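First comes the structure, then the notes that go with it.
FYI, it's all coordinate maths here, none of it is from the lab. Keep in mind that this is a model prediction, so the values were computed, not measured. All Cβ positions, even for glycine, are placed from backbone atoms using ideal geometry, and neighbour counts span all protein chains on display.
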Amino acid sequence: MASLKDLLAQRAALDQQIAETQDKERSEVINKIKALMAEYSLTIADLSSRQPKVQKASKVAVKYRNQATGETWSGRGLQPKWLKAAIGAGAKLEDFHV
């Protein structure tokens, strides 16, 4: 069975080996990145200035309109309060169809 002193020495050696391997791999990756940047004529500014394309939400045609107020609803999502109130008062959904 190894003593505590031996185990600590092994851990120190492993920690140093890990640090050396990390430095080596990091250098290799940096060199690959530099080569790719040179190949494609990229700069640091190119890496940070590119924004991902955001798709615009498509507009949905209006399906229901409150003739009294002009409020509209596309039929998607929860019914608006004005439509709920009108249906609660006895109107039919078809009465508001555009």
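Compute the helix-to-body angle for 4-39: its Cα long axis versus the longest principal axis of the chain, expressed 0 to 90° and rounded to tens. Between helix and principal axis, roughly 60 degrees.
Computed from the C-beta positions of Ala35 and Val62 and an R0 of 41 Å, the FRET efficiency is 0.15 to the nearest 0.05.
Consider a paramagnetic label point 7 Å from the Cα of Leu42 along Cα→Cβ; state which residues of the stretch 1-34 have an amide N under 18 Å from it. Zone members listed by number: 26-34. Based on C-alpha pairs under 8 angstrom that are at least 6 apart in sequence, the chain has a relative contact order of 17 percent. Is the C-alpha gyration tensor of the stretch 30-69 telling us rounded, prolate or oblate? Criteria: a/c under 1.5 is rounded; beyond that, a/b larger than b/c is prolate, otherwise oblate. Because a/c hits 1.5 or more and a/b exceeds b/c, the stretch 30-69 counts as prolate.
Computed from the C-beta positions of Glu94 and Gln55 and an R0 of 41 Å, the FRET efficiency is 0.75 to the nearest 0.05. Listed values (1) 12.9, 39; (2) 33.0, 89; (3) 29.1, 74 include one computed from this model; for Rg and Dmax of the Cα atoms in Å that value carries the label (2).
Computed from backbone phi with θ = phi - 60° and the Karplus coefficients 6.51, -1.76 and 1.60, the 3J(HN,Hα) list for the stretch 89-97 is 7, x, 6, 9, 4, 5, 5, 9, 5 Hz; x is used for glycine and proline. In the chain, helices alone account for a calculated mean residue ellipticity at 222 nm of -17000 deg cm²/dmol, with every DSSP H run of four or more residues adding -39,500 (n - 2.57).
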